[in-house]
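A short worksheet on the structure shown next.
The values are calculated or read from the model by the stated rules, or taken from the named source; none is laboratory data. In this text, all values refer to a predicted model and were calculated from it rather than measured experimentally. All Cβ positions, glycine included, derive from the backbone under ideal geometry; neighbour counts span all protein chains shown.
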Amino acid sequence: MNAVIALIFNAILNGTPLMYGTMGEILTEKSGNLNLGVEGLMYMGGALGLAGAFYYEKAAGAGVNGLLAMVIAIACAFLAGALGSLIFSVITISLRANQNVTGLALAIFGTGVGQFVGEYMRTMEGGYIAVSNELKNFFQNAPFPQTLQNIPVVGKLLFGHNIFVYLGVLLALAMGFFISRTRWGLNLRSVGESPATADAAGINIARYKYLATVMGGGISGIGGMVYIMTIAGCVWNHEGLAGVGWLAVALVIFCLWRPVNAIWGSVLFGALMILYLRVQLPIPSEIYKILPYVVTLVVLIFTSLRKKREDQPPESLGIAYFREER
Amino acid sequence: MADNCAVELRKVSKAFGNVVANDNIDLKIYKGEILSLLGENGSGKTTLMNMLSGIYYPDSGEILVNGQQVTITSPRDAFEYGIGMIHQHFKLIDVLSAAENVVLGLEGPALLDLKAVSARMSEIARRYNFAMDPAKKVYDMSVSEKQTLEIIKVLYRGADILILDEPTAVLTPQETQRLFEILRSMKENGKAIVIITHKLHEVMELADRVCVLRKGCFVGERQVSEVTPQIMTDMMVGRQVTLNIDRPEPVEPEPRLRVRDLTVVNAEGITKLDRVNFTAMGGEILGIAGIAGSGQKELLETIAGLQPAAGGSILYTPKGQPPMELAGKHPMQIKAAGVAMAFVPEDRLGMGLVGGMGMTGNMMLRSWRQGKGAFVHRREPGALATQVKEDLEVVTPDIDYPVRRLSGGNVQKVLVGREIASAPSVLMTAYAVRGLDINTSYTIYHLLNQQKQKGVAVIFVGEDLDVLLELCDRILVLYDGKVSGIVEARTATKDQLGLMMTRLQEEGETDA
């Protein structure tokens with residue numbers, strides 16, 4: 001029993017960065033942009049989010065305010081991701097370059113920037129970058145009183161997580177509502193499905209694509225920061241994000257482009273990621289690590305077989321829009 | 001009538017490159033009236049209306065809506081002036097419901113109230129007497145339902161001026177009647193309605209007034225009650241123009257391709273060709289006339305083996321050889337037997353050429369099977385490309401320069417030149433001079449004549465009746481997938497062809 005609870009708990013912990021990365025990419029893909037550079041965006045978000053919290057604490061000294069540090073970390077990570085995807089947007093929306101190539105380049109570029117920032121900080125600060133234990137606890141501990149967490153069985157599962165888990169769930173619900181119930185969400189979906197139709201309906205295609213892609217990149221960037229500040233222990237190490245961004249791209253497909261699915265999808269993928277630590281079978285750990293991708297493939301096969309139109313990717317995903325070509 | 005004028009166009013012109021699509025056109029659209037804009041393909045009807053709906057912007061001229069001069073630069077502007085256009089290709093999003101499609105792009109509160117939208121849609125549907133389920137997804141709809149949805153979409157936006165671009169092209173006769181009823185009830189509600197069409201019987205049945213365009217020029221307007229189909233046909237096709245195209249006498253014509261009862265049904269189950277009979281002779285040019293979509297493409301593609309025939313036979317008799325049946329053969333076999341096709345689609349590159357490759361590469365599309373193992377021959381196609389370039393005066397910096405970057409005329413020369421180079425005994429071309437300037441057109445005519453004199457059976461699908469009359473030996477006219485007649489080009493007149501294209505004459509002889 002305890003083992004199962006521990007597995008689920010850790011699955012949620014490990015899935016949360018993935019949830020942010022996936023939500024960002026869903027928003028991006030809803031506009032018809034396929035940004036494969038999520039790994040790069042998350043790397044940048046991770047390095048700069050840590051930098052924001054670290055330098056704020058260094059400047060504030062003993063009077064450090066945990067909430068402010070968190071806001072700064074989120075803001076830095078969001079800006080880093082947004083800037084990265086702004087580059088992507090200019091190249092693919094305005095200049096109409098190939099999205100796959102640009103996305104892959106962004107993944108490499110972002111990883112490089114993240115590594116550079118992380119290593120630069122480390123060298124400048126004497127070989128080790130970490131925030132104080134006090135701040136670390138603020139990022140990693142649950143925002144609920146201990147009594148709630150002590151409720152048997154469900155207490156830890158419901159109230160024992162760090163604050164980013166709850167923020168992520170709220171964001172996913174809000175995004176799901178935005179996409180399916182609001183006017184802008186409808187317009188955004190139409191841009192991703194058929195920009196020519198949206199254009200004829202008077203929707204500003206470029207504006208929607210830019211906003212969705214830049215906001216989406218920012219949200220993915222926050223995911224990188226969450227990884228560094230929770231799973232990686234508020235420390236910059238050489239391993240960086242260990243491929244979480246790539247997994248996020250797969251999770252978008254698994255979620256069938258619905259933000260709400262990202263909540264439980266990320267828990268499942270989180271569980272698959274840590275399965276090799278918890279359930280030990282006499283097989284190499286590499287086999288475990290391909291599980292998320294295998295699951296994604298299975299989902300792809302099933303949705304393709306069912307051919308339900310709502311489960312398909314946005315119809316013009318990956319295609320640049322050029323009005324004169326209609 | 002002056003206060004009743006909904007839209008007025010004054011001296012409106014529009015050109016695409018050096019092709020003038022609309023030349024100084026004056027047009028008035030009145031409230032409570034159905035106006036029919038009549039003209040052949042490429043006469044500029046759709047272009048003119050696209051300037052009202054904000055797709056194109058006029059090069060010169062004025063547009064007045066309700067007496068006020070306006071500038072329409074986008075579809076949104078058009079909505080604001082109450083102009084709504086229903087395009088031939090529906091602008092709907094498949095995965096969304098009817099109500100979501102209707103509300104798309106509209107201003108309003110952030111939260112969508114689809115119930116209110118559905119209620120208003122139902123109200124509109126009741127008023128004009130049509131049925132629509134607002135929750136139905138577009139991908140579940142029939143073509144006619146999609147069209148109804150497009151009309152509701154336009155009415156929902158408060159349009160008073162509705163423009164329909166060939167609305168009946170995709171409808172069954174029953175659906176067409178329903179559409180006409182809807183349009184009549186909208187007219188009674190004081191809306192101004194424009195339908196773009198080339199079907200005379202629809203004009204006679206539905207419209208109050210008809211305006212005729214020909215080659216981008218305004219020919220005239222009449223009250224429908226005062227005209228006969230004959231008058232409208234005359235206005236549409238115009239006087240015969242002399243082009244002085246060379247026409248050598250046929251050389252020893254002999255039957256090359258006998259098409260018997262050829263029937264083709266497309267993937268949607270619509271009969272595109274209905275028991276077509278004709279014989280193409282070696283040493284002559286057989287013209288094929290008809291309104292766009294009458295089955296020209298299907299005819300050529302079926303002969304080339306790209307579409308399956310649902311019935312009938314295509315008997316091919318190469319010079320001095322026993323006849324062979326082409327129906328059911330693989331395109332590769334048909335090509336090898338000497339049947340070549342040069343089809344120039346609207347976008348020119350879509351069929352037959354690869355835009356990113358040079359002339360050499362495109363020549364290789366014909367010869368890639370030759371060569372040893374995995375390796376292809378490059379030298380022969382290279383030599384061929386050079387020859388085509390010199391013979392046809394293709395203007396290109398280099399034979400390996402991507403053909404996509406060549407001008408339209410040069411692209412067509414490459415396409416036609418390649419097909420001719422395969423020394424075919426049947427050469428099919430469709431719209432070979434589409435969009436070309438006069439000189440280049442004559443070069444192509446000359447090439448076709450050369451082939452004819454070599455004894456090739458040339459099938460020339462064309463749009464311009466004047467060209468067909470002067471270039472071809474015989475002309476087959478298609479109407480709605482049927483042969484409405486085959487005439488001798490030397491004696492036929494433009495009127496006669498126009499009538500056959502619009503099927504006003506009695507069923508003539510359908511065999512040759």
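Quick notes on this structure:
- Scan region A:294-310 for residues that are at pLDDT 85 or above and either in contact with a strand residue (DSSP E or B) (Cβ under 7 Å, 6 or more places away or on another chain) or not β-branched (V, I, T) (or both) and the total you get is 1.
- Residue that is surrounded by the most Cβ atoms within 10 Å (Cβ to Cβ) [pool: residues in region A:108-136 that are of a type in the set (F, W, Y) and in a helix (DSSP H, G or I)]: A:F109
- Flag if A:Y227 is more than 16 Å from A:V252 (Cα to Cα), surrounded by fewer than 24 Cβ atoms within 10 Å (Cβ to Cβ) and aromatic (F, W, Y): no
This table checks each residue for (1) assigned to a helix (DSSP H, G or I); (2) in contact with an Asp or Glu (Cβ under 8 Å, 6 or more places away or on another chain).
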{"position": "A:V214", "(1), (2)": "yes, no"}
{"position": "A:G217", "(1), (2)": "yes, no"}
{"position": "A:Y227", "(1), (2)": "yes, no"}
{"position": "A:W246", "(1), (2)": "yes, yes"}
{"position": "A:A250", "(1), (2)": "yes, no"}
{"position": "A:A271", "(1), (2)": "yes, no"}
{"position": "A:L275", "(1), (2)": "yes, no"}
{"position": "A:Q280", "(1), (2)": "no, no"}
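- Which numbered condition A:A200 fails, given (1) crowded, with 21+ Cβ neighbours inside 10 Å; (2) closer than 20 Å to A:E29 by Cα; (3) within 14 Å of another protein chain (Cβ to nearest Cβ): (2)
- Total residues in region B:87-102 satisfying the condition of being of a type outside the set (V, I, T), more than 9 Å from every other protein chain (Cβ to nearest Cβ) and touching a residue at least 40 places away in the same chain (Cβ under 8 Å): the figure is 3.
- Against the numbered list (1) outside any helix (DSSP H, G or I); (2) exposed (fewer than 15 other Cβ atoms within 10 Å of the Cβ); (3) in contact with an Asp or Glu (Cβ under 9 Å, 6 or more places away or on another chain), B:Q230 comes up short only at (1).
- Qualifying residue in region A:257-276 (condition: surrounded by 14 or more Cβ atoms within 10 Å (Cβ to Cβ), within 14 Å of chain B (Cβ to nearest Cβ), in contact (Cβ under 8 Å) with a residue 12 or more places away in the chain and of a type in the set (F, W, Y)): yes
- Some residue of region A:57-80 being of a type in the set (K, R) and over 20 Å from A:A320 (Cα atoms): yes
- Look at region A:170-192: where a residue is more than 7 Å from every other protein chain (Cβ to nearest Cβ) and a partner is β-branched (V, I, T) and in a helix (DSSP H, G or I), sitting 6+ places away or on another chain with Cβ atoms under 6 Å, you get A:A172/A:I263; A:G185/A:I179; A:V191/A:I205.
- Boolean, B:A289 is crowded, with 20+ Cβ neighbours inside 10 Å, touching a strand residue (DSSP E or B) at 6+ places or on another chain (Cβ under 7 Å) and closer than 10 Å to B:V461 by Cβ: yes
- Matching helices (runs of 4 or more DSSP H) fully within region B:26-139 where at least 3 residues are polar (S, T, N, Q) and touching a strand residue (DSSP E or B) at 6+ places or on another chain (Cβ under 8 Å): B:45-52
- A:V191 vs. criteria at pLDDT 95 or above, out of contact with any strand residue (DSSP E or B) (no Cβ under 6 Å at 6 or more places or on another chain) and closer than 30 Å to A:M121 by Cα: no
- Counting the residues of region A:203-213 that are of a type in the set (V, I, T) and within 14 Å of another protein chain (Cβ to nearest Cβ) gives 2.
- Scan of region A:283-314 for residues that are crowded, with 16+ Cβ neighbours inside 10 Å and part of a loop (DSSP other than H, G, I, E, B), ordered by number: A:Q312, A:P313, A:P314
- Selection count where residues are at pLDDT below 85 and in contact with a Leu (Cβ under 7 Å, 6 or more places away or on another chain), scope region B:486-497: 1
- Scanning region B:31-39 turns up no residue that is touching a Phe, Trp or Tyr at 6+ places or on another chain (Cβ under 8 Å) and of a type in the set (D, E, K, R).
- Region B:115-126 residues that are in contact (Cβ under 8 Å) with a residue 12 or more places away in the chain and under 15 Å from B:M186 (Cβ atoms), paired with ones that are buried (at least 17 other Cβ atoms within 10 Å of the Cβ) and hydrophobic (A, V, I, L, M, F, W, C) (beta carbon under 7 Å, 6 or more apart): B:I124/B:I152; B:I124/B:L155; B:A125/B:M132; B:A125/B:I152
- Residue match in region A:204-216 (condition: without any contact (Cβ under 8 Å) to a residue 40 or more places away in the chain and either in contact with a Leu (Cβ under 8 Å, 6 or more places away or on another chain) or buried (at least 18 other Cβ atoms within 10 Å of the Cβ) (or both)): no
- Taken over region B:165-209, residues that are polar (S, T, N, Q), touching a Leu at 6+ places or on another chain (Cβ under 9 Å) and in a loop (DSSP other than H, G, I, E, B) amount to 1.
- Filtered residue count, region A:57-107, keeping only those that are assigned to a loop (DSSP other than H, G, I, E, B) and within 27 Å of A:N133 (Cβ to Cβ): 2
- One residue stands out among those in region A:47-89 that are among the β-branched types (V, I, T) and touching a residue at least 24 places away in the same chain (Cβ under 8 Å): the one that is farthest from A:E29 (Cα to Cα), which is A:V64.
- For region B:1-55, a residue qualifies if it is hydroxyl-bearing (S, T, Y), in contact with an Asp or Glu (Cβ under 6 Å, 6 or more places away or on another chain) and under 19 Å from B:H89 (Cα atoms), and exactly one does: B:T46.
- Exactly one residue among B:I196, B:I182 is touching a Lys or Arg at 6+ places or on another chain (Cβ under 8 Å) and either modelled with pLDDT of 85 or more or aromatic (F, W, Y) (or both), and that residue is B:I196.
- Residues within region B:48-86 that are within 14 Å of another protein chain (Cβ to nearest Cβ) and either β-branched (V, I, T) or surrounded by fewer than 18 Cβ atoms within 10 Å (Cβ to Cβ) (or both), tallied: 9
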